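See structure below.
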Amino acid sequence: MDKTDNIEVIKAKLYNAETKYSWEQKGYGGKYDHLGIWGMAIFVGCLIFSFFWFVLDELTVDSIDFWGLFAFMTMMVLITRYLYFPDKHRCYHLTSLGIHYTEQDMIPEVAYKIVRGFAWMGIAVCIIAVFVLGPLAFVGAGAFALMAFGMTNFQSTVDKSYVFIDKRSVAFNLVNNSVVSFAIPEKGAHAYSADIYISLEQKEALLNYLRSLFPSIEVVKIKRLNDQYKHPVYQRDEEEAVE
């Protein structure tokens, strides 16, 4: 049995194992990650607004064009934040072999319906363009129609993921944040790592369950997520790779 087979067997056991502790987490990621996403969304909106501000003539605060452009910018900020970088709904299950969880975008169903509606509308426009403009319309309308067809089935999906944990694992507890990062050294390669998210109120309970299920697990407090790479588990892995 090769390594891939071993992983599949362990993964099956992980999903069939009894759940010792479970929790849900809603949000984009860590405690402060949403601030960065909002900043990116506002930057995108301001970039679009600035472009039209310099391109259009006589765009003043008392003009209709200004407020129309401002409304468009606001819409783009919200679309960027909630459609392209939506919050996640994660459901975690801790077992004696690790953690398995599901992850789903927190996008309202009405948003999926609107996108599907625009997709079908786009297909109709492409068909009309072909009849009006002739075969040459296939050059542009054909590509857009293919893209629109792909969006007609736009719907919510649930992604499944997992984190293996054993006696070699190291759990990095990001203090004052909702992140716990796991690392397992693998010979000849970088240490396997994965991040999970949990509220600060539930984190201590999770750590206690981890210590009871995996007595040898090392729990390390860190102030910044990148501080984990200073730990010997990563240094040891690089030394083994060189050997």
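For the pair SER22/LYS230, report the inter-label distance in nm, with labels modelled 7 Å from Cα in the Cβ direction.
Here the answer is 3.9 nm between the modelled labels.
Per-residue HN-Hα couplings for the stretch 80-91, Karplus 6.51 cos²θ - 1.76 cosθ + 1.60 at θ = phi - 60°, whole Hz, x for Gly and Pro?
4, 6, 9, 9, 8, 10, x, 5, 10, 10, 10, 10
Which whole-Hz couplings ³J(HN,Hα) result when phi for each residue of the stretch 15-22 is put into the Karplus expression 6.51 cos²θ - 1.76 cosθ + 1.60, θ = phi - 60°, listed in order with x for Gly and Pro?
Along the stretch 15-22, the couplings run 6, 8, 5, 5, 7, 8, 7, 9 Hz.
Per residue of the stretch 219-229, in order, report the coupling 6.51 cos²θ - 1.76 cosθ + 1.60 (Karplus, θ = phi - 60°) as ³J(HN,Hα) in whole Hz, putting x for Gly and Pro.
Values per residue, Gly and Pro as x: 10, 10, 7, 9, 8, 10, 4, 6, 5, 5, 6 Hz.
Report the extension gain between GLU204 and PHE72 in nm, rounded to one decimal, defined as 0.36 nm multiplied by the number of residues separating them, less their alpha carbon distance.
Fully extending the segment from GLU204 to PHE72 adds 43.1 nm.
Per 0.36 nm of contour for each residue apart, how much would the distance between LYS88 and THR60 grow if the chain were fully extended, relative to their Cα-Cα spacing?
6.1 nm
Subtracting the Cα-Cα distance from 0.36 nm times the residue separation, let me have the gained length for LEU47 to SER156 in nm, one decimal.
Additional length available on full extension: 36.3 nm.
Going by a ≥ b ≥ c, the root eigenvalues of the Cα gyration tensor, does the stretch 2-43 fall in the rounded group (a/c under 1.5), the prolate group (a/b larger than b/c) or the oblate group?
oblate
Can you give me the % of accessible surface on the stretch 1-107 that is carbon or sulfur? Probe 1.4 Å, all protein chains present, nothing else counted.
C and S atoms contribute 64 percent here.
Which pairs in the list LYS160/LYS230; LYS203/LYS230; LYS88/LYS230; LYS160/LYS203; LYS13/LYS160 are over 25 Å apart, alpha-carbon to alpha-carbon?
Check vs 25 Å cut-off fails for LYS160/LYS230; LYS88/LYS230.
Leaving ligands and nucleic acids out of the surface, order TRP38, TRP120 by accessible area at 1.4 Å, largest first.
I get TRP120, TRP38, largest accessible area first.
The values are calculated or read from the model by the stated rules, or taken from the named source; none is laboratory data. Values in this document were obtained by computation on a predicted structure and should not be read as measured data. Cβ: placed from backbone, ideal geometry, glycine included. Neighbour counts: every protein chain shown. For the accessible areas, the whole protein counts, side chains as well, though only heavy atoms, and no ligand, DNA or RNA atoms are used. Shrake-Rupley method; radii C 1.70, N 1.55, O 1.52, S 1.80 Å.
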